[in-house]
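Worksheet: the structure to be examined is printed underneath.
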Amino acid sequence: MTSEMIQVERLAKSFGNHDAVNGISFDVLAGETLGLLGPNGAGKTTTIRMLTGLVRPSSGRITVGGYDVLKNPIEVKRLFDISPQEASLHPHLGIAEDLYFYARLRGLSRKDAKLRAQQTLQWAKLESHAKKNGHQLSGGMQRRLLMARALITDPPILYLDEPTTGLDPQSRHALWEYIFELKRRGKTMILTTHYMEEAEKLCDRVIIIDHGKIIAEGSPAKLRRGLGIDSILTLKPRRPFSSADLRALKEIPGVLDLSSPNGSNGCITVHLREKEALDEIVVAASCLAGIDELNLTEASLEDVFLQLTGRGLRE
Amino acid sequence: MIPRPILASLVTFEREIRDYRKNIFYFALRNLIQPVFFVLVIGVGLGSFVNLPGRESYLSFMLPGILMMSVVQVCYQHFSSEIWMSKNHEGYLELLTMTAPIKPREAVAGYLLTGIVVAFFAVLCFLLPVWLLLPGFAISLSALMLFTIGLALFFTSAGIAVGVSVLDPHTLTTVGIFITMPLTYLCGVFVPVEMYPPPFRLMIEVIPLTPAIEGLREGGLPIAEIIYVWCAAALAVVAAIKVFERNMHP
């Protein structure tokens, strides 16, 4: 992982008065998996569409494999493929035919395209569905097909735009396995996702975008450390805490924040700056109200995400 | 070794034709239904009461018009709906121009080639029964071929431009009606254009369908009309490429 495969410099895109992407810059190294996270409407998909050359940036520059996306679109398109958000499968052609033409449009000969279409169906475990059209497949099968299709010419770069959205846990884990396999094969990948667990598992580095700007960047571990929370303690008291009890717990050194959300059945969530505070808080809570249940987890990327982008619902 | 741009257009063409072949029975029916009704109801039915000065029977006057009109309708309707669906509903048009190493103009070239084939299929669907039922019906095949290609290019381009730029399905239908209805009833299919007042006639004659119909009725190889239709087609192709590029790469 030494050379930059993708370079994005001061990239911006406006639609009328709305700045969808607002001067973002980042690099992706060869073989790296970069996660692009953000709430709905943050600018992730617009960024991907600019990376593919589909949307023209209002300003800024993108180079992929040393080629400028706008000046050398054909050279750039030979370097990447995409697993898009939408099914985007041909409504009348069987999936084998769809894959065949997909490969032909990418410059493969008739013979090679036929062979790669068969191999792709095998890889996606969809050989028995070869004659069905894409819309006759289940959501999980469609996702597998889209992922497999993106690999039909084995490009060095892959854009995975929310590849597991709407999938059941089995299908999601199967797709994660595919992505791990691609990482092992040294693919450079940009992944957009709403699932923080997915980003944490799959990405070497994460960029959080909001309102078209980068608000945080780093490895998932680095971002968690940056939050200042070591771990999160959830505690269910035997008797409800009084306000004075909660104030006393909050004053224990090492406690960063303490909350008792409505509807949490009296449970409290304690953000700990350091684990050393754990002994003291458990003893104090036990004396004050008794303890029914307690659970200690490490701070997750989701905590980082919510801390940075807020908990309010987006339009 | 075929150069990449030509190969890209040919693969797009091959894919569109494969798709067309899948539903060829329905397309054949669609190509036949309206022309057959026009011939039976207006040509044979009402035509028996009509006498056009200096013309043979009303039916033989009407047939070249119906033939060219079916080319126009088939090309426009097929591509406006196909492109609209693939862009706004199915999403695979975007994928084609987004990730495949193919330029928008190469994709348009593939659609235009398909348009020519679709147009000839419509001509065949109409001419075969006509020749079976009216063995005396004569038409200049070279003029028919050249006008069919010209009109196919012009109205496939119009279909592509509308399909790629309209977002709302109701707008698509309304625009379609506003394009095909006046062409059907005004461009000399049922009534000789000489019957219109001069300024109105001038407007009608600008539309390439009118000189194509008039040219076919003349017989032989009407060079002026053919050149006019082909020039209009060339302009429409350039416009369709621009509209396609602008809409697929906003």
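The values are calculated or read from the model by the stated rules, or taken from the named source; none is laboratory data. Since the structure is predicted, the reported quantities are computational estimates derived from the model, not experimental observations. Ideal geometry is used to build each Cβ from the backbone, glycine not excepted, and the neighbour counts take in all protein chains shown. Protein only, heavy atoms only, side chains kept; ligands, DNA and RNA dropped before computing areas. Shrake-Rupley method; radii C 1.70, N 1.55, O 1.52, S 1.80 Å.
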- Item | Per-region count, the range A:47-61, residues farther than 21 Å from A:Glu198 by Cα and either within 14 Å of another protein chain (Cβ to nearest Cβ) or part of a loop (DSSP other than H, G, I, E, B) (or both) | 10
- Message: Being open to solvent by 70 Å² or more (accessible area, probe 1.4 Å), within 12 Å of another protein chain (Cβ to nearest Cβ) and outside any strand (DSSP E or B) is the filter here; which residues of the range A:62-74 pass it?
- Response: A:Leu70
- Does the range A:1-46 hold any residues that are assigned to a loop (DSSP other than H, G, I, E, B), in contact with a Lys or Arg (Cβ under 6 Å, 6 or more places away or on another chain) and open to solvent by less than 20 Å² (accessible area, probe 1.4 Å), and which are they? A:Gly38, A:Pro39
- Message: Of all residues being buried (at least 20 other Cβ atoms within 10 Å of the Cβ) and outside any loop (DSSP other than H, G, I, E, B) in the range A:159-177, which is farthest from the chain's Cα centre (by Cα)? Just the residue, please.
- Response: A:Leu175
- Quick one: how many residues across the range B:85-113 are in a helix (DSSP H, G or I) and within 13 Å of chain A (Cβ to nearest Cβ)? 18
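One line per residue, one yes/no per condition, for (1) open to solvent by less than 20 Å² (accessible area, probe 1.4 Å); (2) closer than 26 Å to B:Arg246 by Cβ; (3) part of a helix (DSSP H, G or I):
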position	(1), (2), (3)
B:Trp131	no, no, yes
B:Ala143	yes, no, yes
B:Val164	yes, yes, yes
B:Thr171	no, yes, yes
B:Val175	no, yes, yes
B:Thr180	yes, yes, yes
- Test B:Ser57 against the stated conditions and say whether it is more than 12 Å from chain A (Cβ to nearest Cβ), small (Gly, Ala, Ser) and either under 20 Å from A:Phe101 (Cα atoms) or over 16 Å from the mean Cα position of the chain (by Cα) (or both). yes
- Message: For the list (1) assigned to a loop (DSSP other than H, G, I, E, B); (2) open to solvent by less than 10 Å² (accessible area, probe 1.4 Å), I need the number of the one condition that B:Gly54 fails.
- Response: (2)
- Restricted to the range B:7-22, and to residues that are more than 7 Å from chain A (Cβ to nearest Cβ) and over 10 Å from B:Ile102 (Cα atoms), which residue is surrounded by the fewest Cβ atoms within 10 Å (Cβ to Cβ)? B:Arg21
- Note on the structure: Those residues of the range B:182-218 which are in a loop (DSSP other than H, G, I, E, B), modelled with pLDDT under 90 and open to solvent by 30 Å² or more (accessible area, probe 1.4 Å) amount to B:Val191, B:Tyr196, B:Pro197
- Message: Looking at (1) surrounded by 15 or more Cβ atoms within 10 Å (Cβ to Cβ); (2) of a type outside the set (Asp, Glu); (3) modelled with pLDDT of 85 or more, which one does A:Arg238 not meet, given that it meets all the others?
- Response: (1)
- Picking from A:Ala87, A:Ala103, A:Ala12, A:Ala96, the residue that is modelled with pLDDT of 90 or more and facing chain B (nearest Cβ under 10 Å) would be A:Ala103
- Single residue of the range A:110-133 satisfying the filter (more than 23 Å from A:Thr164 (Cβ to Cβ) and within 10 Å of chain B (Cβ to nearest Cβ)) that is surrounded by the most Cβ atoms within 10 Å (Cβ to Cβ): A:Ala113
- Please go through the range A:178-200 and pick out each residue that is surrounded by fewer than 17 Cβ atoms within 10 Å (Cβ to Cβ), at pLDDT 90 or above and assigned to a loop (DSSP other than H, G, I, E, B). A:Arg185, A:Gly186
- Is the range A:220-241 home to any residue that is hydroxyl-bearing (Ser, Thr, Tyr) and out of contact with any Leu (no Cβ under 8 Å at 6 or more places or on another chain)? no
